[in-house]
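Where a number appears in this text, it was derived from the coordinates with a stated rule and is not lab data. These numbers were taken from a predicted model, which means no experiment stands behind them. Positions of Cβ are backbone-derived with ideal geometry, glycine not excepted, and every protein chain shown enters the neighbour counts.
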Amino acid sequence: MLFSGSGEKYTVTAEFQNASQLVKGNQVMVGGVPSGSVDEIKLGDDGHALVTMTVGEEFVPLPRGTTATIRMGSLSSVAGRNVELTLPPSSDSAEEIESGGTMGTSETVSAVDLDQIFNTLDTETVEDFKRVITGFRDSYEGVTKQANRGFKYANPFLSTGRRVFDELTRDTRAFESLIVDTAKLSGALAERRSDISALVSNASGALGAIGRQRAALASAINQLPDFMRQANTTFVNLRATLDDLEPLVEATGPVADRLGPFFRLFRQVAADSVPTIRDLSTIVRRPGKANDLIELTRLQVPLAKVAVGSGAPNCGADPMTGFDAAADGNFRQGALGESTCALKNSLPALSHLRAYTPELVGWFDGFSTSGAVDASGGLGRIAGTFNVFTFSDSGLVSLVDLITGNSLDLGGALQGITDIAGFETGNHARCPGTNERDPGDGSTPFTDGGTLNCDPSQVPTGP
């Protein structure tokens, strides 16, 4: 073990700041396993300790980057020291330390004895530390038997812990990988600390809700044995069901492979939908009044009552209100019923006005163009319509008297004004298209076959 394949020892000299009470023959450890010994210790020119040691052939040659550390195996032994070699991660390009080579102080770590630590403390701190030790002594005074019994039970724990740490240090590379992976896991968890905080908060709320239901939980636990006995038969029958499902599972194997890309996309969609679902949850229920979907749904009932009312639409006695006092003195049909009655009651008026659409369009068009153009030039036809009114409250002169010249003593100045200006009165029922002269086909005025309530003889004067 201590010889290479050529039969020669592989030795290396490590330069330590101090030998830390190493002696010739102390073990050299690699990963907690003995793999060599200290051959020689001497003093260097600069006062450093030069420790020459032999390393087993399974670890030679040592790669550059190996660290040599002096360890204390036990405080009870003055010379209970060993040299532990920590190998770097394997690499094909790493430089090798040839047999007889040297490891500098940057590659070695000396042990620190307990008295060196105490020598760094001032007198006041040392006195305080003595009082701490005295306090421990006083605390165990009178209970030493109980303490010894407790320490006896601590022995298995300590020995088991030693074996655990031996296993951890047996494969340093695997242990290093474990630490690196743990660091990566901690970093990933730190990046999602808000989600983890929400998870802990929600878990706390869920467990708190369960804790507040202690009575129900106790009742459920009491009923659990009977439930399990009844479920036992179900579980037994489930075995046969699982046997029947086995062909289905085998048949879906190829399909499951094809579903892999779909589920990867679905996982991303599910992650992206989290904000949407969170906003939807806020829309459905939100603290406060009249601000969420649940309260809006509750308002649908009174809204339906207002819209529908207490019965079918009744467009009877009063078409303006839809109120039928004879049926029910307190009856009011809903908004939809009122709209139905309004549409039904407006049909006659709309039917009558529909025939006058050309007049309405012509009135709109008359603001931009008036009359027509023929070979003689432009032609415009103007007709005025006036209401019957008086010029004063005394009623001395009315519009009719002014137009016709009746009952006027104006020296005959306005006598015969009707013949001169073509004024007429009483034209209250003109038909659609009256302002247009009949082209000879009887299309004007329009009477819709005599169904319109109008007088076709009321036409404008003039050619």
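Check the straight Cα-Cα distances from LYS289 and name the lysines below 28 Å, setting aside those fewer than 8 residues away within the same chain.
In chain and number order, the partners are LYS305.
Just how many % of Cα pairs in region 11-118 lie over 20 Å apart, if you round to the nearest whole percent?
So the pairs more than 20 Å apart make up 35 percent of the total in region 11-118.
Kindly put ASP171, ASP272 in sequence by how many other C-beta atoms sit within 10 Å of each C-beta, fewest to most.
Ranked by crowding around the Cβ, least crowded first: ASP272, ASP171.
Output the peptides 161-169, 186-194 sorted from most to least packed, where packing is the average of other Cβ atoms within 10 Å over each peptide's residues.
Working: 161-169: 11.4, 186-194: 9.6.
By packing density, highest mean first, the sequence is 161-169, 186-194.
In what sequence, highest mean first, do 19-30, 246-257, 173-184 appear when ranked by Cβ atoms within 10 angstrom? Intermediate values should be presented prior to the final figure.
Values: 19-30: 17.8, 246-257: 9.1, 173-184: 11.1.
So the order, starting with the most tightly packed, is 19-30, 173-184, 246-257.
Treating the beta-carbon of each Lys and Arg as +1 and of each Asp and Glu as -1, no other charges, what is the dipole magnitude of region 11-118 about its Cα centre, to the nearest 20 debye?
380 debye
Hey, which lysines would be in cross-link range of LYS24, C-alpha to C-alpha under 20 Å, not counting anything within fewer than 8 residues on its own chain?
Once the sequence-local lysines are set aside, what remains near LYS24 is LYS9, LYS42.
If you place +1 on the Cβ of every Lys and Arg, -1 on the Cβ of every Asp and Glu, and leave all else neutral, what size is the dipole of region 122-184 about its Cα centre, to the nearest 20 Debye?
Details: 11 positive and 11 negative charges, 100 e Å.
In debye, rounded to 20, region 122-184 gives about 480.
Can you compute the modelled spin-label distance between ARG278 and TYR140, with each label point 7 Å from Cα toward Cβ, in nm?
5.5 nm
Using +1 at the C-beta of Lys and Arg and -1 at the C-beta of Asp and Glu, which of PRO63, THR11, ALA111 has the Cα lying farthest in the positive direction of the dipole of region 11-118?
Among PRO63, THR11, ALA111, the one farthest towards the positive end of the dipole of region 11-118 is ALA111.
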